[in-house]
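Below is one structure; the comments refer to it alone.
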Amino acid sequence: MPVTKRSAPKTHQEPMVSPKVELANRGSDNISVASGDEDERKNETQALVGGGGPIAPPSDFAKTAGRFLFCFTGLQVSYLTWGYMQELIMTTTFTPTPSAPDGRFPSAAFCVFSNRFLAIIVAMIAVRIKHGSILQNNVAPLVAFAPCALSNTMSSWSQYASLRYVSFPVQTVFKSSKIIPVMVMGKFLKGTNYPYSQYLEALLITVGVAIFSIASKRSNSDTTTEIIGLLFMCTYITFDSFTSQWQSKVYDKYGKANVDPYQMMLGVNSSAIVMTTMGLIAGGDIPKIIEFFQVNPNVLQYNIITAITSASGQLFIYTTIKEFGPIVFTVIMTTRQMMSICISSILFGHTMTWKAAVGATLVFGVLFYQIRKKYIASQRK
């Protein structure tokens, strides 16, 4: 009689997981990259090297990398598209109309209006989702946002208007010099004291901007036209510097716990939409714009794309700063400035001499040095 060998029953063994790895896996969803906490970095490392079954869960590093790629791509796509459409609208010669015989888009104010119109809708939705009500939880009154709304409107208008007189690369590099009025406004509004090293960095950026602007001057351009463009840019950086400092003052007065970025976005754009609407009516731009859109319907599409990318860019700004902190955000945006100069030069035929390249290198070199210095300071805390 044949003997059948009976095999021992198979037992399922769970892989042994160390308490540290288990803790890292359980807390993977709550890791905050912006905090830079050492314990969280250790947990993340152990989650990467820890063992497991045949199907391992996504690592913390992969999740972090995915969030960073999402924010980086969102910022680049939003603001590179926004910059391209901005230059396309303001510098292209379209089909002429009786009120715009030169074929140029007749109203920089409408570009500002369209951006604010969509931004206020997005802000209302964001505040409603986060707080359950649009107006009920607002601690800061609407009038508190009015000064920075006015300065934000004027800076945006000056930015669009300047493209009639200077190239987009000159505008982009020139905007880097706003560190100087930011320091002046900080001293004036909040009594902030700055170290001498920051004044030196501001001076180097100014020199770099001057070199780039002079070297980028077109030989066939009118000097008076170039000066008008630079005056518009000076207006832009002055008002823009006031905007950031006043927003900081609102946060200090009412508390960041009571005014979050989405409420700030809603408050500023609510006041700004009133101002831009009054400006369009007072300037008589509305009939000109309607006439221009009827002859050039594609320009309306360009304005819609600009408004969408402007609003999405603001949301990605808040998300990036929340997830990764202001230093990473600054690196991404500085990189975006360099990429936008290259894209504009290729698509719109702007030539860059070696002198202009030296000026741009000086500016961005100082900016990256400032980022590195802030990073080192944050690591020592």
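The values are calculated or read from the model by the stated rules, or taken from the named source; none is laboratory data. This one's a predicted model, so the numbers in the text were calculated from it and none came from an experiment. Cβ placement follows ideal geometry from the backbone for every residue including glycine, while neighbour counts extend to all protein chains displayed. SASA here: full protein model, heavy atoms, side chains in, ligands and nucleic acids out. Shrake-Rupley method; radii C 1.70, N 1.55, O 1.52, S 1.80 Å.
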Given (1) out of contact with any Phe, Trp or Tyr (no Cβ under 9 Å at 6 or more places or on another chain); (2) under 26 Å from E87 (Cα atoms), index of the condition A307 fails
(1)
Before we move on, is V77 out of contact with any helix residue (DSSP H, G or I) (no Cβ under 7 Å at 6 or more places or on another chain), under 23 Å from I343 (Cβ atoms), part of a helix (DSSP H, G or I) and not polar (S, T, N, Q)?
yes
Of (1) modelled with pLDDT of 85 or more; (2) open to solvent by 20 Å² or more (accessible area, probe 1.4 Å), V250 satisfies every one except (2)
Consider H350 against the criteria (1) farther than 16 Å from L75 by Cβ; (2) open to solvent by 40 Å² or more (accessible area, probe 1.4 Å); (3) in a helix (DSSP H, G or I); (4) not basic (K, R): it satisfies all of them except one. Which criterion is unmet?
(3)
Could you check the range 319-331 and list, in sequence order, the residues that are closer than 27 Å to F113 by Cα and either without any contact (Cβ under 8 Å) to a residue 12 or more places away in the chain or of a type in the set (A, V, I, L, M) (or both)?
I321
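Residue by residue, here is whether (1) free of Cβ contacts under 8 Å to residues at least 40 places away in the same chain; (2) surrounded by fewer than 17 Cβ atoms within 10 Å (Cβ to Cβ); (3) not hydroxyl-bearing (S, T, Y) holds:
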position: S310; (1), (2), (3): no, no, no
position: Q314; (1), (2), (3): no, no, yes
position: I317; (1), (2), (3): no, no, yes
position: M339; (1), (2), (3): no, yes, yes
position: C342; (1), (2), (3): yes, yes, yes
position: S345; (1), (2), (3): no, no, no
Select, from I180, I211, I228, the only residue that is touching a residue at least 12 places away in the same chain (Cβ under 8 Å), among the β-branched types (V, I, T) and touching a Phe, Trp or Tyr at 6+ places or on another chain (Cβ under 7 Å).
I228
Filtering the range 183-206 down to residues that are over 22 Å from S345 (Cα atoms), hydrophobic (A, V, I, L, M, F, W, C) and in contact (Cβ under 8 Å) with a residue 60 or more places away in the chain yields M185, L189, L204
Single residue of the range 368-379 satisfying the filter (modelled with pLDDT of 80 or more and of a type outside the set (F, W, Y)) that is most open to solvent (accessible area, probe 1.4 Å):
R372
L280 vs (1) crowded, with 21+ Cβ neighbours inside 10 Å; (2) farther than 22 Å from S176 by Cα; (3) hydrophobic (A, V, I, L, M, F, W, C): all pass except (1)
Flagged in the range 283-296 as exposed (fewer than 14 other Cβ atoms within 10 Å of the Cβ) and over 14 Å from S114 (Cα atoms), in numbering order, are G283, G284, P287, Q294
Among the residues of the range 289-314, write down those that are touching a helix residue (DSSP H, G or I) at 6+ places or on another chain (Cβ under 7 Å) and not β-branched (V, I, T).
F292, F293, L300, Y302, N303, A307, S310, A311, S312, G313, Q314
Quick check on Y84: is it out of contact with any strand residue (DSSP E or B) (no Cβ under 9 Å at 6 or more places or on another chain), in contact (Cβ under 8 Å) with a residue 24 or more places away in the chain, on the phi < 0 side of the Ramachandran plot and in a loop (DSSP other than H, G, I, E, B)?
no
Could you give me the residue pairs with C-beta distances under 9 Å whose first residue belongs to the range 275-287 and is free of Cβ contacts under 8 Å to residues at least 40 places away in the same chain, whose second residue is open to solvent by 30 Å² or more (accessible area, probe 1.4 Å) and of a type outside the set (S, T, Y) wherever it lies, and which are 6+ apart or on separate chains?
I286/F110
Look through the range 319-337, keep the residues that are more than 19 Å from S176 (Cα to Cα) and of a type outside the set (G, A, S), and return whichever of them is surrounded by the most Cβ atoms within 10 Å (Cβ to Cβ).
T320
Which one of the conditions (1) aliphatic (A, V, I, L, M); (2) open to solvent by 30 Å² or more (accessible area, probe 1.4 Å); (3) over 30 Å from G103 (Cβ atoms) does I214 fail to meet, given that it meets all the rest?
(3)
If we ask which residues in the range 125-170 are within 19 Å of A311 (Cα to Cα), of a type in the set (A, V, I, L, M) and touching a residue at least 12 places away in the same chain (Cβ under 8 Å), their number turns out to be 6
Test: residue in the range 347-360 that is without any contact (Cβ under 8 Å) to a residue 60 or more places away in the chain and under 13 Å from the mean Cα position of the chain (by Cα):
no
Here, helices (runs of 4 or more DSSP H) confined to the range 107-196 with at least 1 residues that are out of contact with any Lys or Arg (no Cβ under 9 Å at 6 or more places or on another chain), open to solvent by 60 Å² or more (accessible area, probe 1.4 Å) and more than 17 Å from S241 (Cα to Cα) are 108-131
